[in-house]
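The values are calculated or read from the model by the stated rules, or taken from the named source; none is laboratory data. Quick caveat: nothing in here was measured; it's all calculated off a predicted structure. Cβ placement follows ideal geometry from the backbone for every residue including glycine, while neighbour counts extend to all protein chains displayed.
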Amino acid sequence: MKGPTHVSSVPQTAPGDNQASTASIPNGETILSWVKDLAAITSRGTQTIDDHRSVNYLLNVFRSFGLSDIQVQEAPSLHWRADVSQLTIGSASIPHSPAVFCFDTGSTEFSTGPDGLTAAIVDVGDGGEEDFEKADVTGKIVLFNLRFLLPRSALLAVGEFLYDPNKTADPADMDTANPYLDNSEDVLERAINAGAAGFIGVLVDYFDSHDIRPEYLPDITVPGMWVTKANGEQIRTLVASGASTATMHLEGIRSPTPARTVIGFLPGRSTDTIMVQSHHDSAWHGGVEDASGTAEVLALARYYSQIPQQQRPKTLMFVLMDSHWTGYQAHAKFVEEFITNPKTPLRIVANVTLEHIAKQAEIGPGGTLQVFDRPEYRAVFENVSPVLKTVIEDAITTHDLQRTVRLPTDTLFPLIGELPTDADLIYQAGVPTISFVSGPLYLYDKADTIDMVYTPDLEPVAHAFAEIIDHLAATPNEQIGA
């Protein structure tokens, strides 16, 4: 395995170009300034109804770079907001967060009524089929353990290449799972089909926070709330001592709102196009998810805007999506209009997706969130040719992107049925994809602030992916995919 090297300050040039470019990658301080600007726009995108803030910011940045055919693509998406959320058991008020996109009543407004929903609590543990077979949940509030299902060990086990020159992979960390994949879909389907009136999900695999906003789940027709592991234990103690009912009071709106995708181009010598992607929306401040990924796309757009068109073998397309938490409608519309039934002569021949330049975190003593000044384990998911697999590994090692695994999609996709990155629908549409992502424990939490970004890697990631894009641009299209 190659040892780490310093990031080169030599200007990047595409393979085969004889004329050196004077272009340079933006430095870490500049990239961080974009991260800070975006993180200051809290709850951006579909999280705030009809929100233009991050879109307007990105449009201005794209214009300042001189990108062409800058456009905003809109897709109908959803906004969900709880105006009242209360949970009481007996005389005890239980801290919690409402489960976003629960209580789909089929109308704009949802409400448990002025007196709330009072019902018996039924504890189904981890919510497996056998747990429901032993319980009558009809008309009752289901209490279950929300489990995260994708531990680090699973990702590392199916990787083909791991760059960890200092051997920092700690066996004690391998059971930590990121919150992307969990058991909620299966448990809630069982609960709703069995006639449950509501649910309380206990965050047993999480740090001491209930401020979680998981991925969108459709068809959750009952009210629901998330509580911490400690508060889940409190509820179970109250139930054991005779407090058999809970009262849930939930009111709010679920309304249509447009998702907006910002797109800009740098034309090349051909209409064959490399797509560079992230998402600009965020449930909270989103320093890591995904101000950091968006800033990396901006860094690459700035870099390539300095290179003359005749030195760009392929067109570059920079795409920043919305609706990451609200159903991926922006992604679906993009696929339809640019890949499945394209309305442009451009042909997308490769996708590069950048997300989550993150610090590692673990559950510390007492359930606290323990954050380390080192990068979270991260993966480069790919389905490209053997030559480009080597290019990826060389870029990782040259720019010292420690704790990074190269993971071929054909080993993971059959296990979970999707690519766990923002590139999933692009990948499923048949575009060869190289997707860089990490899944820190706090990814969907209010704790994801600017302080969680692993700033030493902001510039090296941009350098590494400029090299990868250069090779994609120089590779014949039929030799890109696996």
(request) Have a look at Gln370, Gln360 and point out the one that is surrounded by 22 or more Cβ atoms within 10 Å (Cβ to Cβ), in the same structural domain as Phe265 (by TED's automatic domain parsing), within 25 Å of Asp445 (Cα to Cα) and touching a strand residue (DSSP E or B) at 6+ places or on another chain (Cβ under 6 Å). (result) Gln360
(message) Looking at Lys229 and the list (1) closer than 18 Å to Cys102 by Cα; (2) among the charged types (D, E, K, R); (3) surrounded by 15 or more Cβ atoms within 10 Å (Cβ to Cβ), which single condition is not satisfied?
(response) (1)
(message) Just checking, does region 192-202 include any residue being in contact with a Pro (Cβ under 7 Å, 6 or more places away or on another chain) and within 30 Å of Gln402 (Cβ to Cβ)?
(response) no
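Take the residues in region 38-81 that are charged (D, E, K, R) and outside any helix (DSSP H, G or I); name whichever of them is nearest to Met321 (Cα to Cα).
Selected residue: Glu74.
Kindly provide the set of residues from region 410-433 that are among the hydroxyl-bearing types (Ser, Thr, Tyr) and either crowded, with 20+ Cβ neighbours inside 10 Å or outside the structural domain of Ala350 (by TED's automatic domain parsing) (or both), ordered by number. Talk me through it step by step, then tell me what you get.
Looking only at region 410-433, we keep the residues that are among the hydroxyl-bearing types (Ser, Thr, Tyr), and these are 411, 421, 427, 433.
Hits for region 410-433 are Thr421, Tyr427, Thr433.
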(request) Working only within region 255-275, note down all residues that are touching a helix residue (DSSP H, G or I) at 6+ places or on another chain (Cβ under 6 Å) and assigned to a loop (DSSP other than H, G, I, E, B). (result) Pro267
(request) Go through region 384-431 and give me each residue that's hydroxyl-bearing (Ser, Thr, Tyr), more than 20 Å from Asn166 (Cβ to Cβ) and outside any helix (DSSP H, G or I). (result) Ser385, Thr421
(request) Determine whether region 280-290 contains at least one residue that is at positive phi and under 24 Å from the mean Cα position of the chain (by Cα). (result) yes
(request) Give just the number: which of (1) modelled with pLDDT of 95 or more; (2) out of contact with any Lys or Arg (no Cβ under 6 Å at 6 or more places or on another chain); (3) surrounded by 20 or more Cβ atoms within 10 Å (Cβ to Cβ); (4) of a type outside the set (D, E, K, R) does Val122 not satisfy? (result) (2)
(message) Being touching a Gly at 6+ places or on another chain (Cβ under 9 Å), at pLDDT 95 or above, of a type in the set (A, V, I, L, M, F, W, C) and crowded, with 22+ Cβ neighbours inside 10 Å: is that true of Phe144 here?
(response) yes
(request) Could you tell me whether region 93-102 includes any residue that is in a strand (DSSP E or B), among the hydroxyl-bearing types (Ser, Thr, Tyr) and either at pLDDT below 95 or crowded, with 19+ Cβ neighbours inside 10 Å (or both)? (result) yes
(request) Working carefully through the options Asp272, Asp219, Asp208, find the one that is touching an Asp or Glu at 6+ places or on another chain (Cβ under 7 Å), touching a residue at least 60 places away in the same chain (Cβ under 8 Å) and acidic (Asp, Glu). (result) Asp219
(message) I need every pair where a residue in region 90-103 that is closer than 12 Å to Pro214 by Cβ has its Cβ under 7 Å from the Cβ of a residue that is of a type in the set (D, E, K, R), sequence separation at least 6 or different chains.
(response) Ser97/Asp211; Val100/Arg213
(message) With touching a helix residue (DSSP H, G or I) at 6+ places or on another chain (Cβ under 8 Å) and surrounded by fewer than 22 Cβ atoms within 10 Å (Cβ to Cβ) as the only criterion, which of Ser278, Ser282, Ser292, Ser305 stands out?
(response) Ser305
